[in-house]
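Read the structure below first, then the notes.
What follows is calculated from the coordinates using simple rules that are stated; it is not laboratory data. None of the values given here were measured: they were computed from a predicted structure. Neighbour counts run over all protein chains shown; Cβ positions are idealised from the backbone, glycine included.
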Amino acid sequence: MDRNPSDQQYQYSTMNNYPPPFPPGPPVVQKTNGKSIAALVLGILSLLIPYVGFLLGIMAIIFSSLSLKELKRRYEQGKGLAIAGLVCGIIGTIIYGLLLFIILFVFIIYAGSVDNAIYSNF
């Protein structure tokens, strides 16, 4: 207890009157998960690159699911990136999957409609 000479009363002093021993540093920013960034990049590329977009979309879905699992364990940033990569990967996979299915269907229809008499030697 310290005695305050002006009030003639006792008051308790604390150590908060002194500045901290070191200056406060910059705020700590959490690290962004690398797999969520890769998922977003692959998801966007799956929409832009024809025919290879099917495989890139599948890779984006895999990377985003892995990153969402890691984000829960490591408390990193990047959940929005992983979700955006997942959505772009699913859309790219569906678009190019349908495109490949249509091309395959047209090829089967065209191959079945060819007249076999043209190739006959008799």
Q) Out of residues 5 or more away from Q77 or on other chains, whose amide H comes under 5 Å of its own, with H placed 1.01 Å from N in the peptide plane? A) K31, T32, N33
Q: Beta carbons within 10 angstrom, averaged per residue: use that to sort the peptides 56-67, 74-85, highest first.
A: 56-67, 74-85
**Q.** Chain lengthening between L100 and V52 when straightened (0.36 nm per residue, less Cα-Cα)
**A.** 16.2 nm
Q) Could you give the nm distance between label points at T32 and K72, where each point is 7 Å from its Cα heading toward the beta carbon? A) 2.4
(Q) Per-residue counts of other Cβ atoms within 10 Å, averaged by peptide: what ranking do you get for 89-97, 101-109, highest first? (A) 89-97, 101-109
Q. Once fully extended, how much extra length lies between Y110 and K79, figured as 0.36 nm per residue of separation less the alpha-carbon to alpha-carbon distance?
A. 6.5 nm
Q | Karplus-derived HN-Hα couplings along the range 75-83 (A = 6.51, B = -1.76, C = 1.60, θ = phi - 60°), whole Hz, x at Gly and Pro | A | 6, 9, 8, x, 5, x, 5, 5, 5
